[in-house]
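Notes to accompany the following structure.
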Amino acid sequence: MILNFAFDFLSKNIRKSLLSVFLIVVSTLVIMLSVILSENRDEVYETIDTLLVCGVEQTVELDINYGDDMGLEQLKEMQLKISEFLDDVSEEAEINCIGSYSTGGYLPIPELYEIQKKGGATFDEYLNMTSIHKNAADMFKIEITSGTHPSEMKFESDKDYLYLGSGYKDFINPGTEYDVNGYKFKVAGILDESQIFFDDNFTFGISATSYSVTHDMKYEILCFSDYHTSRFLLCANEGYNINQAIEKLYSVAEKYDMEDYILYTTLNDKYEMANQEWLFIKNILYKLITIVCISCILMLICTHILDLLSQMRNYGIMYANGFSVSDICKIITIKNIAVSVFAFLISIIICLLAVNLVFKGYEDMSDVFNRIIVNIAIPLSLAVIVLITVFITLFSIVILRKLSPLRMIGGQND
Amino acid sequence: MIKLEHVKKDFIVNGIYTHALKDINAEIKEGELIAIIGTSGSGKSTLLHILGGMENMTSGRYYFNGTDISAYSPSEMHLFRKENISFIFQNFALMNKYTVYENVEMPLIARKIKNRKKIIMEKLEQMGIAEMKDKLPLQMSGGQQQRCAIARALVTNTPVILADEPTGALDTNTSKDILECFKAINKDGKTIIIVTHDMKVANNCDRIIQIEDGLIEDRK
């Protein structure tokens with residue numbers, strides 16, 4: 001009976017009910033959004049920390065810039081010099097590994113390209129590959145399902161070694177070799193389905209989401225080669241800190257007369273710098289979120305007060321016709337709970353869709369759901385909704401108990 | 001049936017103490033049709049609300065069928081009202097988003113009475129508005145709305161019906177019709193107490209209680 005009346009009141013005042021639902025959805029989503037955004041910063045850090053075997057604290061990004069006004073011969077000489085320099089550096093005890101990586105279009109291998117097309121090929125006819133220097137085989141966390149792991153691979157200098165995404169596993173076997181215009185490639189392994197890798201526009205720490213830092217590797221290819229680009233990562237060895245590794249790097253560079261070409265930034269510094277920018281953005285964002293949230297809550301309270309006033313006559317009529325005040329209070333409570341639960345469910349669905357989008361590239365989605373959504377966002381939003389519902393319900397009950405049914409109906413005392 | 005002894009009711013409005021009822025003594029017998037008249041602010045509606053258990057009195061005794069109900073708790077008073085009293089208001093007090101049928105059904109729902117349809121249709125037919133059962137109150141005339149309110153008061157079969165200015169919002173002819181309705185209900189044995197300032201209505205009642213300045217005076 002009470003339930004019927006509660007839902008009847010909701011359906012007969014559908015516009016007000018929907019407005020309440022909308023306001024609760026907005027405030028809940030705003031709260032969830034703020035949690036996701038603040039937590040996501042840690043996700044970015046952790047994603048990169050996990051992907052680098054030595055971790056963020058032990059890694060530095062190097063920029064070896066030798067200018068662009070060199071002739072072809074000079075360039076070749078420089079490449080050779082850099083190669084020797086890097087080989088020397090990687091021999092030092094302080095340094096775990098040093099190597100470059102870059103993503104781009106590589107020589108066509110039609111058999112692989114046809115498969116890559118399913119995942120949305122980036123280039124026409126050319127394979128999209130992430131090229132990693134063989135010296136950096138131990139630098140990235142790479143998981144394979146078949147073939148030989150890069151850290152155990154005995155790389156030969158005359159060929160490049162391919163690690164194919166899980167999308168290739170039913171078509172290509174490890175050991176397959178290709179010869180394209182004299183360049184030799186060998187499929188060394190198939191990557192695990194969970195494998196992710198840095199995006200080519202990897203700007204560590206600045207991106208707002210891990211989605212823009214990494215991507216999944218289903219139709220991607222990692223290519224271990226002798227080719228160097230100008231951007232490198234260097235990892236310090238266990239037992240040494242990153243500063244000792246950098247010191248050693250510069251002492252070796254001096255021998256090659258290259259110390260002026262090398263610029264470095266530790267990933268931790270980059271993260272902190274980016275965090276400063278993020279803090280500023282976050283500050284503004286949180287202010288906006290607070291304003292939106294408070295406005296929604298105030299509007300919600302006003303909507304409920306207006307609803308209470310407009311329903312007051314009906315409550316008075318019910319009271320005068322045999323319903324008790326507690327019956328009416330129950331109706332109001334059920335009504336408020338129904339609106340809140342409905343709004344909360346909608347918010348959760350929207351939030352889950354949003355999280356799915358924001359954390360698309362993240363390694364372990366269930367971990368994200370558990371840590372951010374289940375442990376923080378949902379309890380926090382639920383607490384706010386419960387507080388609002390309790391406040392509004394208590395407010396309504398206090399008002400109802402203070403007024404006589406005649407005043408509710410609009411009767412006079414003379 | 002109803003006996004009031006030295007009933008007083010004081011209000012404090014904006015810090016000003018008002019004696020709405022000063023010393024009311026009255027007795028109402030079962031099956032009577034009574035009019036309470038008085039000028040505006042005389043306390044007639046306050047008396048009606050006290051009779052209906054909708055307002056507490058400041059002091060005095062209220063006996064209903066020999067039982068002193070003056071000290072009833074709110075829940076006891078609610079039960080008393082549910083079993084014995086039905087209200088009819090000047091502004092009809094119908095829920096505008098509910099149909100005539102649903103409005104009449106409401107007191108039965110509150111009393112958890114089953115087989116409601118038969119009772120409702122019987123009363124709607126008695127009031128001559130059975131064919132309007134699916135209409136909303138605002139789609140009906142004032143007289144029809146008041147008939148609906150009377151049907152709602154009748155469905156619970158309470159012994160006492162209290163009507164606060166039931167013809168106040170109606171024209172002369174409709175008022176006459178409504179008065180006839182009250183007379184017919186009264187003949188069935190219901191005790192009806194009507195607050196009115198319309199002497200035509202009052203003169204058709206068995207007895208008139210006049211209230212002036214919070215004090216009662218029997219007229220007839």
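Things to note:
- The set of residues in region B:80-113 being over 17 Å from A:Ser324 (Cα atoms) and of a type in the set (Val, Ile, Thr) consists of B:Ile88, B:Thr99, B:Val100, B:Val104.
- Only one of A:Ile132, A:Ile142, A:Ile115 that is in a loop (DSSP other than H, G, I, E, B) and assigned by TED's automatic domain parsing to the domain that holds A:Asp88: A:Ile142
- Restricting region B:63-80 to residues that are without any contact (Cβ under 8 Å) to a residue 60 or more places away in the chain and under 17 Å from the mean Cα position of the chain (by Cα) leaves a set whose member that is farthest from B:Ile216 (Cα to Cα) is B:Leu79.
- Given (1) more than 14 Å from chain A (Cβ to nearest Cβ); (2) in contact (Cβ under 8 Å) with a residue 40 or more places away in the chain; (3) among the aliphatic types (A, V, I, L, M), number of the condition B:Ala130 does not satisfy: (2)
- Candidates B:Thr191, B:Thr158, B:Thr196, B:Thr174, filtered to the one that is surrounded by 23 or more Cβ atoms within 10 Å (Cβ to Cβ) and of a type in the set (S, T, N, Q): B:Thr196
- Residue in region A:98-121 that is surrounded by 17 or more Cβ atoms within 10 Å (Cβ to Cβ), at pLDDT 85 or above and of a type in the set (Lys, Arg) present: no
- Residue match in region B:109-119 (condition: at pLDDT 90 or above, within 14 Å of another protein chain (Cβ to nearest Cβ), surrounded by 22 or more Cβ atoms within 10 Å (Cβ to Cβ) and more than 30 Å from B:Val7 (Cβ to Cβ)): no
- Matching residues in region A:296-317 - criterion: being buried (at least 16 other Cβ atoms within 10 Å of the Cβ) and within 14 Å of chain B (Cβ to nearest Cβ): A:Asp307, A:Gln311, A:Met312, A:Arg313, A:Asn314, A:Tyr315, A:Gly316, A:Ile317
- For first residues located in region A:228-257 and farther than 27 Å from A:Asp160 by Cβ and touching a residue at least 60 places away in the same chain (Cβ under 8 Å), partners that are buried (at least 19 other Cβ atoms within 10 Å of the Cβ) and polar (S, T, N, Q) and lie 6+ apart or on another chain with Cβ distances below 7 Å form the pairs A:Ala236/A:Gln58; A:Ala236/A:Asn96; A:Ile242/A:Gln58; A:Ile242/A:Thr266.
- Look at region A:132-157: where a residue is crowded, with 19+ Cβ neighbours inside 10 Å and a partner is assigned to a loop (DSSP other than H, G, I, E, B) and of a type in the set (Gly, Ala, Ser), sitting 6+ places away or on another chain with Cβ atoms under 7 Å, you get A:Pro150/A:Ala137.
The values are calculated or read from the model by the stated rules, or taken from the named source; none is laboratory data. It should be emphasised that the depicted structure is a prediction, and the values quoted were computed from it without experimental measurement. Quick reminder, even Gly has a Cβ in these numbers, built from the backbone with ideal geometry, and neighbours come from all protein chains shown.
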